[in-house]
Amino acid sequence: FAPWDDPKEKPLIRFKGVTKRFGDFTAIDDLTLDIYEREFFALLGPSGCGKTTMMRMLAGFENPTEGVIELSGQNIVPVPPNKRAVNMMFQSYALFPHLTVYDNIAFGLRRGDMPKHDIADRVDEMLKLTRLEKFAARKPHQISGGQRQRVALARSLAKAPKLLLLDEPLGALDAKLRQATQFELVDIQEKTGTTFVIVTHDQEEAMTVASRVAVMDEGRIMQVATPEKIYEAPNSSYVADFIGDVNILTGTVKPAGEGLYQVHWSEGREPNIAASDKNFSEGQTCHLAVRPEKIAISADRPADADNALQGKVLDIAYLGNLSTYHVELQSGKVIKAQTANTRRVSRRSFTWEDPVWVSWTATAGVLLDR
Ligand code: ATP
């Protein structure tokens, strides 16, 4: 078992010690992972980390060099792509331009041995699921981009695969439609109960749609957890840094009892306080990952702040609902602090070069092993 797998969940997919090499390059490195039944799972990571290779191995376009991939307990490595209960939806959709929406959805079913009236029932069900009933007779060029995306989805779900792989499924849509479609995708996944695995470059998208997210780096999995956990409790500075904005501070800790640590940040003079449920020993060097929205900015040192550092305002970005301040500490390190612009608070309470304090509570960040 990998440390993030939950023995209470029923795995649909199991990667067991999977390695994929291309020549002497290792694209996937001894990877162990369970993807559960009925889950919406996202693979996230920088370009080249191996996301597509994972998808291609699931689809059967690529075989592992070592290790086993199971689907419902069966090793699928020797099973050819068309014999797997797996389907893949590509970003390009690959719809047949000369076929109607109806026929595009029916295409795969007609190539099997499903009786005609069952095919008709199934296509109707898919049209309803994806709200395409009115467009059944149209050709792909006669519908919108969002509708084409839904046709592709209907078609890839028509044969009721156990696993649907989605490679940048919303990449072709503009930002607004993309957001609306994310919720639709979640809705359809829930209704069908099919396990979805999505690859996207858009972290926000992964966080919106997925029940669990795997953050990858160089062919390895760094952390698998719910979006909330990935954001609130990253297990490494890599994950913290990859997902959203984060400040990473370095300090030496001294246990102070009850899960509290006295910390000397390398940026500050006086001791501060951090909370953690992990064990660190006296004198150990740690990182603290703290999100900008957890950092307050003030003219004076707040009397009750667990952590406070002095600096000056370097930059201010006004983002409408939020403002982001870049505060340069005396050491030259820059801390990002984000404040919500509620109607009553003035938008810019500080300006460039203002001397300020940045502060946060003991529980605002995550203390990490260096
Ligand atoms: P991106 O986000 O850019 O699509 P990715 O995370 O999907 O990246 P992969 O396509 O899985 O990355 O590739 C992982 C690594 O394996 C890359 O360094 C890539 O160059 C390498 N790779 C993939 N396919 C092959 C191949 N057929 N031959 C050689 N190297 C390959």
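The values are calculated or read from the model by the stated rules, or taken from the named source; none is laboratory data. Fair warning: this is a prediction, and the values are worked out from it, not measured in the lab. We place every Cβ from the backbone using ideal geometry, glycine too, and count neighbours over all the protein chains shown.
Scanning the range 56-99 for residues that are charged (D, E, K, R) and touching a Ser or Thr at 6+ places or on another chain (Cβ under 9 Å) yields E62, E66.
Filtering the range 39-60 to residues that are more than 9 Å from the ligand (Cβ to nearest atom) and either in a strand (DSSP E or B) or modelled with pLDDT under 95 (or both) leaves F40, F41, A42, L44. Residue check: is P7 in a loop (DSSP other than H, G, I, E, B), away from the ligand (no atom under 15 Å from the Cβ) and over 30 Å from D124 (Cα atoms)? Spelling it out, P7 is indeed in a loop (DSSP other than H, G, I, E, B), away from the ligand (no atom under 15 Å from the Cβ) and over 30 Å from D124 (Cα atoms).
When residues in the range 21-32 are screened for being within 15 Å of the ligand (Cβ to nearest atom) and either under 19 Å from the mean Cα position of the chain (by Cα) or outside any strand (DSSP E or B) (or both), 4 of them pass. Would you point out which residue out of L163, L177, L185 is under 29 Å from the mean Cα position of the chain (by Cα), surrounded by fewer than 21 Cβ atoms within 10 Å (Cβ to Cβ) and over 17 Å from A94 (Cα atoms)? Every option except L177 fails the conditions. Going through the range 103-135 one residue at a time, which ones are farther than 29 Å from I76 by Cα and either surrounded by 20 or more Cβ atoms within 10 Å (Cβ to Cβ) or not assigned by TED's automatic domain parsing to the domain that holds A172 (or both)? Hits for the range 103-135 are L127, T130, L132, F135. Could you tell me whether the range 3-13 includes any residue that is in contact (Cβ under 8 Å) with a residue 24 or more places away in the chain and under 17 Å from E218 (Cβ atoms)? No, because not a single residue in the range 3-13 is in contact (Cβ under 8 Å) with a residue 24 or more places away in the chain and under 17 Å from E218 (Cβ atoms). P97 meets the stated requirement of being exposed (fewer than 13 other Cβ atoms within 10 Å of the Cβ) and either modelled with pLDDT under 95 or assigned to a strand (DSSP E or B) (or both). Would you call A2 among the small types (G, A, S), away from the ligand (no atom under 12 Å from the Cβ) and not in a strand (DSSP E or B)? Against the criterion (among the small types (G, A, S), away from the ligand (no atom under 12 Å from the Cβ) and not in a strand (DSSP E or B)), A2 qualifies. Restricting the search to the range 188-222, which residues are outside any helix (DSSP H, G or I), under 9 Å from the mean Cα position of the chain (by Cα) and among the acidic types (D, E)? Within the range 188-222, just D202 meets the criteria. Taken together, the residues in the range 81-94 that are among the small types (G, A, S) and loosely packed, with under 15 Cβ neighbours inside 10 Å amount to 2.
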